[in-house]
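Note sheet for the following structure.
The values are calculated or read from the model by the stated rules, or taken from the named source; none is laboratory data. A quick note: this is a predicted structure, and the numbers were derived from the prediction, not measured. So basically every Cβ, Gly included, is an ideal-geometry build from the backbone, and we count neighbours across all protein chains shown.
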Amino acid sequence: MNLASISLIQSSYFFIFLFSIIVLFDVLIRFTSPIKLKIFFLLFVLAIVVSSFCLFIRSVPDQLILIRMICPMIIGTSLVQIFTNLYFVQHKKIANIYLISAYAIYIYLIIYVQIVGYENVFLNFNSISSSPSQVAKSINLPLYLDFFIHVDFIFFNLFCLYYIYNILFKFSFKNIYFKKIQVWTFCFFMVIFSQLILIALSTIFKFPNEFNTYIRIIMGLTLLLIILYRPSFINKNGSKISFGFLFNRNDFSSDIKEVDFNFQFFTNFYYKSKTANIEEFSNIMGVSKEVMFNYIYFTYSMSFDELINKSRVEYFVEIIKDAKFKNYTVEALALEVGFSSRQRFYQPFKKYHGGNPSDLIDILN
């Protein structure tokens, strides 16, 4: 490979490194909930950040190959967790077992390298752009460890095959939300499978190292673009929604009537109850917790707890205009609208109204 190609490749890795940092901050800022899903999105992008930086500063011999081996594992396990939480919450247990097993294998790999010695494990690995087959030949691992790493790779692909089959052929919810996330998911998996096909073809047909390197650069950039242009409603996804099974509004529109919900929740001031929770309110309405969660999410674009707090803040703003409550302290008013203490009132007030409740009272007075 000539110097011009090496320079272009290093520049491409540096560009991916900078772009992945932008995507990392985008996820950090725009993604709100649930926190577990946000963590796996961040891990996915962070692995690309680290991997691209290692490839950019790589020297001969390559002293960062161990880190670059770990990054694909983090990307793979994070991807499985992302789509498990979005679609297949019923498979959380097996996905978590896969996650723990994969991390255990690679933690053992790190320990093994420290004991045996770096130079004894990674033999003659000194090419700036080695192909996957060359990488495999340059690593001297015991048979059992090599076996477990390949099993981890196989399990990742089995998860992907199962998920893509269900998403494309089993799920058929006809609404704009599911259509968007289905297209987004399809793009995600197409990148993964394209990379796997190219790896297999490069092993058979012995593509030039330069070609393999450019393909990996394109794949990395495409994955970052898919993360960056994810459907916006994913950013505020409720912590218990499973898009694959709960995206059909018809599932709950016939079970909950708007007039009945408004009467129980607003007219009867259910939100003022200090013990208000979705389980209790679901029983009052005579529906399941899942049906109630989805009704609130699609009607108000927030979770049950968020609707409770927002309603309490709006009620607070309403009653402080009433002369009856003129001499109430902020703490007494917070208790009146349903909060358990003054401290628990301030954060929701700032979120749904802004400023300080005491300042609002002073202005009105």
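The single condition among (1) in contact (Cβ under 8 Å) with a residue 12 or more places away in the chain; (2) farther than 29 Å from Asn235 by Cα that Lys272 does not meet is (2).
Every residue, every condition in (1) of a type in the set (Ser, Thr, Tyr); (2) exposed (fewer than 12 other Cβ atoms within 10 Å of the Cβ); (3) out of contact with any helix residue (DSSP H, G or I) (no Cβ under 7 Å at 6 or more places or on another chain); (4) closer than 30 Å to Ile181 by Cβ, yes or no:
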residue	(1), (2), (3), (4)
Phe263	no, no, yes, no
Ser273	yes, no, yes, no
Phe281	no, no, no, yes
Asp362	no, yes, yes, no
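This table checks each residue for (1) over 29 Å from Asp146 (Cα atoms); (2) assigned to a helix (DSSP H, G or I); (3) hydroxyl-bearing (Ser, Thr, Tyr); (4) at pLDDT below 95.
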{"residue": "Ala4", "(1), (2), (3), (4)": "yes, yes, no, yes"}
{"residue": "Ser12", "(1), (2), (3), (4)": "yes, yes, yes, yes"}
{"residue": "Leu28", "(1), (2), (3), (4)": "yes, yes, no, yes"}
{"residue": "Asp62", "(1), (2), (3), (4)": "no, no, no, yes"}
{"residue": "Gln81", "(1), (2), (3), (4)": "no, yes, no, yes"}
{"residue": "Tyr106", "(1), (2), (3), (4)": "no, yes, yes, yes"}
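Tallying residues that are surrounded by 18 or more Cβ atoms within 10 Å (Cβ to Cβ) and either at pLDDT below 85 or not hydroxyl-bearing (Ser, Thr, Tyr) (or both) within segment 14-25 yields 5. Criterion applied to Thr77, Thr84 was being farther than 21 Å from Ile199 by Cβ, crowded, with 19+ Cβ neighbours inside 10 Å and polar (S, T, N, Q), and the one residue passing it is Thr84. None of Phe17, Phe44 is assigned to a helix (DSSP H, G or I), of a type in the set (A, V, I, L, M, F, W, C) and more than 28 Å from Ile164 (Cβ to Cβ) except Phe17.
In segment 348-365, which residues are at pLDDT below 90 and within 29 Å of the chain's Cα centre (by Cα)? Lys350, Lys351, Tyr352, His353, Gly354, listed by residue number.
Considered as a group, the residues in segment 219-236 that are at pLDDT 80 or above and among the hydroxyl-bearing types (Ser, Thr, Tyr) include one that is surrounded by the fewest Cβ atoms within 10 Å (Cβ to Cβ), and that residue is Tyr229. Under the condition of being closer than 22 Å to Ser301 by Cβ and of a type outside the set (D, E, K, R), the residues counted in segment 338-365 number 7.
Consider segment 187-218 and keep the residues that are under 23 Å from the mean Cα position of the chain (by Cα) and touching a residue at least 40 places away in the same chain (Cβ under 8 Å). The one that is surrounded by the most Cβ atoms within 10 Å (Cβ to Cβ) is Phe188.
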